[in-house]
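Structure first, commentary second.
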Amino acid sequence: MNNISLVFTAHQPNRLIPYDFFKIGEHAFYEDDALNAKVLSAVAERCYFPANRLMKQLIELSDGKFRLGLAVSGVILEQATYHRPDLIESFKELADTGCVDFLAMPYYTSLASIFSPKEFEEQIREHQELIQKLFGVRSDVLMNTGMLYSNSIAAQAETMGFAGIIADGNPNMMEQYQQNELCQAPGVHHTVTICRNRELSNDLAVYRTNPSWSEYPLSPIKFAEWLTYQPGQVTTLAMDYETLGERQSDATGVFEFWRSMINHCLDLGNRFMTPSEVANEIKPIGHCNCTQEMTCSTYGTLSHWMDNVMQSEAQRKIYQLEADVKAANDPDLTHVWRKLQSADHFHYMQKENSFTPYASAFDAYIYYMNALSDLQIRVKEMQNHK
């Protein structure tokens, strides 16, 4: 028997229109609303609705023994409010079961934890308020963008009152890391670090449908047995919610795999725990030291967002605006500025990116920088009117 904690992240970015030079100063709306709505609806039908139905069924059929965590970004909830309010209702049905932990996260899936700790905290508080408003729940656990983690981020999570923070279990990036064990960052006394089991999570999210994988085709019963006999305090599996039905289509048998695997885990006597339950009920066994920022990316680094000059320049300019934007004290302007902080914008500026809506990384950079130039003009105009 084992403790298992399952966490999914749901997010859809606000993609930009082809914002050319001639729109600067003339066109103050930067987002491709039609494309964002189209993508959200398509992914909702293939992934979010069937996945939510499956999770709700598993909770009900197990009398609440099946439990999980969901990290749902403020950005996707905002899109759903405008374009698919039925998706909000679907998530609310899960919240009403009392068996789903809606984790705290930066509302805009930003990199603010690196550039501005104050802004990072404000975005987390904004996200908590939205989750409370929509679903009437509050989590004791924080999940940063891309599981971005370091000693200093863990320390800030403690200052903010979180009982736990989720990190990627990467022995190459974290000293004294022990798989499936809870730990604490140096100098942190009340907030536990919950480490994702990197290997098992990737088995489900990446390798399950890969014919060249040595374990292909993976049986749900076999995977359930792997989980059952894992050593340690708790096995945490974390991945994008889009794995179910979007990255792995219904034709791959993804929903039946998860249904069978979870039921078999329960039959074997395993206990499913929400991240908040893990943080509050399991004591850490020691310390883990992570002096540099770590993520759940392939290499565990920030390379998705900080790998080239275009990304660095865009990040430098957006965060340089913080003082002026906040001095303007205009909620709409602040909201626009924060939406431009989403890490997706910088990821699109990377050449090898299968998720980009743009023809090239350079196009992503140009559209972003032109939109940012227009935002700078709007900020200056507000300053001049004061």
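What the table below lists for this structure:
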{"item": "Single residue of T301, T295 found to be surrounded by fewer than 20 Cβ atoms within 10 Å (Cβ to Cβ), hydroxyl-bearing (S, T, Y) and outside the structural domain of F355 (by TED's automatic domain parsing)", "result": "T301"}
{"item": "In segment 359-381, the residues that are over 22 Å from L321 (Cβ atoms) and part of a helix (DSSP H, G or I)", "result": "A361, F362, D363"}
{"item": "Selection count, segment 1-44, where residues are among the basic types (K, R) and without any contact (Cβ under 8 Å) to a residue 24 or more places away in the chain", "result": "1"}
{"item": "Extreme residue, surrounded by the fewest Cβ atoms within 10 Å (Cβ to Cβ), among residues of segment 169-188 that are over 17 Å from I4 (Cα atoms) and in contact with a helix residue (DSSP H, G or I) (Cβ under 7 Å, 6 or more places away or on another chain)", "result": "G187"}
{"item": "Condition met for E322 (out of contact with any Leu (no Cβ under 7 Å at 6 or more places or on another chain) and either surrounded by 14 or more Cβ atoms within 10 Å (Cβ to Cβ) or of a type in the set (S, T, Y) (or both))", "result": "yes"}
{"item": "The one condition in (1) surrounded by 22 or more Cβ atoms within 10 Å (Cβ to Cβ); (2) more than 18 Å from T295 (Cβ to Cβ); (3) free of Cβ contacts under 8 Å to residues at least 40 places away in the same chain that P211 fails to fulfil", "result": "(1)"}
{"item": "Test: residue in segment 241-255 that is closer than 30 Å to V137 by Cα, surrounded by fewer than 20 Cβ atoms within 10 Å (Cβ to Cβ) and among the polar types (S, T, N, Q)", "result": "no"}
{"item": "Candidate set: segment 140-161, residues that are part of a loop (DSSP other than H, G, I, E, B), among the hydrophobic types (A, V, I, L, M, F, W, C) and in contact (Cβ under 8 Å) with a residue 60 or more places away in the chain; chosen: the one nearest to T81 (Cα to Cα)", "result": "M143"}
{"item": "Boolean, W337 is farther than 25 Å from Q176 by Cα and assigned to a loop (DSSP other than H, G, I, E, B)", "result": "no"}
{"item": "Residue ranges of helices (runs of 4 or more DSSP H) in segment 47-139 with at least 3 members in the same structural domain as A167 (by TED's automatic domain parsing), over 17 Å from L244 (Cβ atoms) and modelled with pLDDT of 95 or more", "result": "74-83, 85-96, 112-115, 117-135"}
{"item": "Neighbours by Cβ (under 8 Å, 6+ apart or cross-chain): first from segment 259-284, over 25 Å from S139 (Cα atoms) and touching a residue at least 12 places away in the same chain (Cβ under 8 Å); second in a loop (DSSP other than H, G, I, E, B) and of a type outside the set (S, T, Y)", "result": "L268/M1; G269/M1"}
{"item": "Residue check, T356 within 17 Å of the chain's Cα centre (by Cα), in a loop (DSSP other than H, G, I, E, B), at pLDDT below 95 and outside the structural domain of G98 (by TED's automatic domain parsing)", "result": "no"}
{"item": "Residue that is nearest to T334 (Cα to Cα), among those in segment 1-47 that are among the β-branched types (V, I, T) and surrounded by 22 or more Cβ atoms within 10 Å (Cβ to Cβ)", "result": "T9"}
{"item": "Any hit, segment 81-93, residues being touching a Pro at 6+ places or on another chain (Cβ under 9 Å) and crowded, with 22+ Cβ neighbours inside 10 Å", "result": "no"}
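Rundown of residues vs (1) out of contact with any helix residue (DSSP H, G or I) (no Cβ under 8 Å at 6 or more places or on another chain); (2) closer than 17 Å to M174 by Cα, yes/no style:
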| position | (1), (2) |
| --- | --- |
| M261 | no, no |
| H287 | yes, yes |
| E293 | no, yes |
| T298 | yes, yes |
| D307 | yes, no |
| Q311 | no, no |
| R316 | yes, no |
| P331 | yes, no |
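The values are calculated or read from the model by the stated rules, or taken from the named source; none is laboratory data. The model shown is predicted, which means the values in this text are computed figures rather than measured ones. In this analysis, Cβ positions are derived from the backbone assuming ideal geometry, glycine residues included, and neighbour counts consider all displayed protein chains.
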